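Peer 1: Pasting in a structure now, in structure tokens, and then I'll have a few things to ask.
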Amino acid sequence: MVQTTPLREARSKGRLATTWSLLCADKFALAAAIILTIVVLCAVFGPMFLGEQASHQNLRGRNAPPFDLAKGWLYVLGGDQLGRPLLARIVVAAQNTMAIATGAVLASMTIGGTLGLIAGNSRGRAGQIIPRLADVIMSFPSLLLAVIVLYMLEPSVKNIIIVLAITRIPVYLRTTRAEILEIRERMFVQAAKVMGASEFRIVFRHMLPVILPTLITIATLDFAFVMLAESSLSFLGIGIQPPEITWGLMVSQGRPYLTTAWWLSFWPGLAIILATLSLNLLSNWMRVALDPQQRWRLEIGGRKNG
Amino acid sequence: MADHLLEVRNLSVTFHTARGPVHAVRDVNWHLDRGEVLAILGESGSGKSVSASAIMDLIDCPPGEITSGRILFDGRDLLTMSREERRHINGKRIAMIFQDPLSHLNPVYTVGWQIEETMVIHGTSRQEARQTTVDLLRKVGIPDPEASVHKYPHQFSGGQRQRLMIAMALALRPDVLIADEPTTALDVTVQAQILALLEELQRETGMGLLIITHDLGVVAEVADRVVVMNAGEIVEAGEASEVYHNPKHPYTRKLIAAAPGQGEMSSGVEEGAPLLSLRNVSKRYGTFEALKGVSFDLMPGETVAVVGESGSGKSTTAKVLLRLEEASGGSAIYKGRDLFTLSPRELYEMRRDIQMVFQDPTQSLNPRMSVYALISEAWVIHPGIVERSRWRARVAELLEQVGLLPEHMYRYPHQFSGGQRQRIAIARALALEPQIIVCDEAVSALDVSIQAQVIALLDRLQDELGISFIFIAHDLPVVRDFADRVIVMQGGRIVEQGDVRQIFEAPREPYTQALLAASLDPDPEIQAERRARRLEAAE
């Protein structure tokens, strides 16, 4: 009983075309990809074009309400407490926000994942010490750690990334280790061993592809967490220092005005939500698209829509 | 037509899946009378369990939908009853036992409590229920029933757990007992005991017994009548011996022909220098001795079958031989070198020569790799066997050799059936051009007709390529057809070894004799004889 799933002729169409057709099959994922592309473009080119306007104060435009085009299109989302255009600030802030969130998440995922792989595969001392390391980090309040480190070091983007990455390592480490312990006993790993595959090959060819979707899903959830953690550090005054801006900092700066000028916090907050939601949707799509057993869902959907 | 105790009329069940509707059963008719044993025989995916699930209200709707038909129990249609009414019938008047008793017993309650619970739900007092439970446990042959009611499920063996399930099912003296593959997970000797118990209880209580199975032997052993299902339809029904001797439908004929244990037995291969010889191999886990002094030889081009029940150490032998586990003592001489003392470098070289095919191909094939990647991985690991430019051609060749099509190489394992997956696993083992292939229960998870095909494939490969097989199995009839020599293991020790003819026709050891007596023959007449002999021996 061979299942008659339509098989993509991956070789003739090329990988890019296949990916594109799979992406088109999931409308939510497509929208998410578009939003993320815009965010990335803002992060890369925003400060270049709008850097000046974003820090230009216009006291007559203090807390200017949104959807009023009288002061120019930059004020379409309103102005902040110093009369700076919110739209420009959100675009410019994308760079720092993305740098911190991406940096911290990637660093903690790589380090945590690698340590987890080592801990899961080692039957010796490393397998015992590494999980304890995670316990040590977890038993120490992460915000307190951040406060101490940033108090001693200078609060820069780089240092914030380091601090946030360290506090998030245990999540990846424990997940990876737990999954590895289970996968290690699976038959196909044994089959690879019988074939004479090296440890390296077993880990990277057979184990990693199975746990990667889990790690990516956690990473996208963590993305939101890191953005908010960064904003709470900024709120305490040890995060990003003005005039540098991030979305999180904008949300916390707008908090005192919440009753009179809601838009100060609302728009950057919306940006955070859209970015994380998009990442989540995209990671969900990726999990399905990367799994040969699930891919048919997208292929069937694609045929219907196409 | 209300004479039958339970009757299924024109039942059709459809499952609505993402790939479109699947007709699980179409227009199925059968009936069961009091004091009768009916078997529903079919391979996986034939829909043999669906009608039983419909009776017990176990079909999830949606995605399932009962599109037509009636299920009459004592003249009343179960399908039009309310949930409440059906609950009174389920368990009380129609009871069911399942394949895997461990997953159907709650691990945090004592077995006594769980059996009582069935009765308490249907309105018996706790005290009365306790007394009945002890009686029931005695009846199903649990030793020391008074103490056993306080034990937890994990403290019982697999066979005892199935006995507990039977006790639970019988607690309310049901009119119908449905047994879904009740003995598939059990060893042959235990299987014989459980079937005997079911028959005895059925005769005693006069209930109707419905057995769902894939095993012709089980049908021959217990059933009065049999219904043969294929692809959701009943292809044949009738008296068990009548169906066996005069099958009318081609599918039934094919099924009976595929039953193992009917072919010519091998007369062995010529004596010579052994390819592999194990001497005094032992393996300890802590203080537990899994293997005690196992020694045997494997000749070039020979098939040695290792048979035994669970816990006999047959799989441990394979693992130790392939260095998936380290042996605690002894030696395995292959080409003049001891496999157990090889350095990692030498071990890597040796991997080429000794390959393994695992029991469950669903698990032994990485689900994220295409067939091409799975097979060609062997050449990535061992460069020099096949040039890179020839990989595609060689994969195509191997696939054809195992009876698949070259274009299958772009597919993923989940797109194949169980038998096809096992062929892929065999092709992967062949990719390294090994001298020895160890098959660990390689056909146990497959349907009978597929089993026959895979065995035929292994046989052909042996003729063509001169590969030696170590064939680990619990199923004696399969071994009879395929092996040259048989090794019988029990409790980590070899109790008997000899040519296949000698083992099957003149077994010396009582354990081998017991194993052979317990295995089921698909012919009801032969099976009846065996049963009589077994009863005699018991008295």
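The values are calculated or read from the model by the stated rules, or taken from the named source; none is laboratory data. Note that the structure is a prediction, hence the values are computed from the model and not measured. With ideal geometry, Cβ positions are generated from the backbone for all residues, glycine too; neighbour counts draw on all protein chains shown. Each accessible area value is taken on the protein alone, full model and side chains, heavy atoms only, with ligands, DNA and RNA left out. Shrake-Rupley method; radii C 1.70, N 1.55, O 1.52, S 1.80 Å.
Peer 1: Quick one: is B:P174 closer than 20 Å to B:S49 by Cα, under 26 Å from the mean Cα position of the chain (by Cα) and open to solvent by less than 40 Å² (accessible area, probe 1.4 Å)?
Peer 2: On the way: closer than 20 Å to B:S49 by Cα: yes; under 26 Å from the mean Cα position of the chain (by Cα): no; open to solvent by less than 40 Å² (accessible area, probe 1.4 Å): yes.
Spelling it out, it is not the case that B:P174 is closer than 20 Å to B:S49 by Cα, under 26 Å from the mean Cα position of the chain (by Cα) and open to solvent by less than 40 Å² (accessible area, probe 1.4 Å).
Peer 1: Another question, if that's okay. Name the residues in the stretch A:178-189 that are buried (at least 20 other Cβ atoms within 10 Å of the Cβ) and within 8 Å of chain B (Cβ to nearest Cβ), would you?
Peer 2: A:F188
Peer 1: All but one of (1) at pLDDT below 90; (2) open to solvent by less than 30 Å² (accessible area, probe 1.4 Å); (3) touching a helix residue (DSSP H, G or I) at 6+ places or on another chain (Cβ under 9 Å) hold for B:T316, so report the exception by its number.
Peer 2: Against the list (1) at pLDDT below 90; (2) open to solvent by less than 30 Å² (accessible area, probe 1.4 Å); (3) touching a helix residue (DSSP H, G or I) at 6+ places or on another chain (Cβ under 9 Å), B:T316 comes up short only on (3).
Peer 1: When the stretch B:110-142 is examined, which residues are found to be within 30 Å of the chain's Cα centre (by Cα) and open to solvent by 80 Å² or more (accessible area, probe 1.4 Å)? Walk me through it before giving the result.
Peer 2: The first filter runs over the stretch B:110-142 and keeps only residues within 30 Å of the chain's Cα centre (by Cα), leaving B:110-112, B:114-115, B:118, B:136-142.
Selection gives B:R138 alone.
Peer 1: When the residues of the stretch B:353-370 are filtered to those that are more than 7 Å from every other protein chain (Cβ to nearest Cβ), modelled with pLDDT of 85 or more and part of a loop (DSSP other than H, G, I, E, B), which remaining residue is farthest from the chain's Cα centre (by Cα)? Talk me through it step by step, then tell me what you get.
Peer 2: Residues of the stretch B:353-370 more than 7 Å from every other protein chain (Cβ to nearest Cβ): B:353-354, B:357, B:359, B:361-362, B:369-370.
Within this subset, residues satisfying the condition of being modelled with pLDDT of 85 or more are B:353-354, B:357, B:369-370.
In the following step, the residues that additionally are part of a loop (DSSP other than H, G, I, E, B) were identified as B:353, B:369-370.
Values: B:D353: 30, B:M369: 27, B:S370: 28 Å.
Only one residue fits best here, namely B:D353.
This table checks each residue for (1) in the same structural domain as B:D463 (by TED's automatic domain parsing); (2) open to solvent by less than 60 Å² (accessible area, probe 1.4 Å); (3) of a type in the set (V, I, T).
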position: B:A473; (1), (2), (3): yes, yes, no
position: B:R480; (1), (2), (3): yes, yes, no
position: B:D484; (1), (2), (3): yes, yes, no
position: B:M489; (1), (2), (3): yes, yes, no
position: B:G492; (1), (2), (3): yes, yes, no
position: B:E496; (1), (2), (3): yes, yes, no
position: B:V500; (1), (2), (3): yes, yes, yes
position: B:F504; (1), (2), (3): yes, yes, no
position: B:Q513; (1), (2), (3): no, no, no
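Peer 1: Let me ask something additional. So A:R89 fits all but one of (1) farther than 19 Å from A:L274 by Cα; (2) in contact (Cβ under 8 Å) with a residue 24 or more places away in the chain; what number is the exception?
Peer 2: A:R89 satisfies all of (1) farther than 19 Å from A:L274 by Cα; (2) in contact (Cβ under 8 Å) with a residue 24 or more places away in the chain except (1).
Peer 1: If you scan the stretch A:77-93, which residues turn out to be of a type in the set (D, E, K, R) and within 13 Å of A:P242 (Cα to Cα)?
Peer 2: A:R89
Peer 1: Something else about it: For residues that are open to solvent by 20 Å² or more (accessible area, probe 1.4 Å) and either hydrophobic (A, V, I, L, M, F, W, C) or within 30 Å of the chain's Cα centre (by Cα) (or both), tally how many sit in the stretch B:374-390.
Peer 2: So the answer is 2.
Every residue, every condition in (1) open to solvent by 50 Å² or more (accessible area, probe 1.4 Å); (2) touching a Lys or Arg at 6+ places or on another chain (Cβ under 6 Å); (3) away from chain B (no Cβ under 14 Å), yes or no:
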| position | (1), (2), (3) |
| --- | --- |
| A:T176 | no, no, yes |
| A:A191 | no, no, no |
| A:G196 | no, yes, no |
| A:R201 | no, no, no |
| A:H206 | no, no, no |
| A:L215 | no, no, yes |
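Peer 1: Let me ask something additional. Those residues that are buried (at least 21 other Cβ atoms within 10 Å of the Cβ) and not aliphatic (A, V, I, L, M), I need them from the stretch B:181-199; list them, please.
Peer 2: Passing the criteria: B:P182, B:T183, B:Q191.
Peer 1: Also: Out of the helices (runs of 4 or more DSSP H) lying entirely within the stretch A:217-306, which hold 1 or more residues that are touching a helix residue (DSSP H, G or I) at 6+ places or on another chain (Cβ under 9 Å) and under 25 Å from A:Y172 (Cβ atoms)?
Peer 2: A:247-254, A:263-290
Peer 1: It is to be established whether one or more residues within the stretch A:89-110 are at pLDDT below 90, touching a Pro at 6+ places or on another chain (Cβ under 9 Å) and open to solvent by 60 Å² or more (accessible area, probe 1.4 Å).
Peer 2: Yes: one or more hits.
Peer 1: Another question about this same structure. Can you go through B:T184, B:T205 and tell me which one is of a type in the set (S, T, Y) and within 25 Å of B:I89 (Cα to Cα)?
Peer 2: On inspection, the qualifying residue turns out to be B:T205.
Peer 1: Report, by residue number, each residue of the stretch B:387-403 that is assigned to a loop (DSSP other than H, G, I, E, B) and in contact (Cβ under 8 Å) with a residue 24 or more places away in the chain.
Peer 2: Hits for the stretch B:387-403 are B:V402, B:G403.
Peer 1: When the residues of the stretch B:57-77 are narrowed to those that are hydrophobic (A, V, I, L, M, F, W, C) and loosely packed, with under 15 Cβ neighbours inside 10 Å, which ends up modelled with the highest pLDDT? Spell out the reasoning first.
Peer 2: Of the stretch B:57-77, the ones hydrophobic (A, V, I, L, M, F, W, C) are B:58-59, B:61, B:66, B:71-73.
Add one more test, that the residue is loosely packed, with under 15 Cβ neighbours inside 10 Å, and what stays is B:58, B:61.
Details: B:L58: 80, B:C61: 71.
Step by step, filter the stretch B:57-77, then rank; the result is B:L58.
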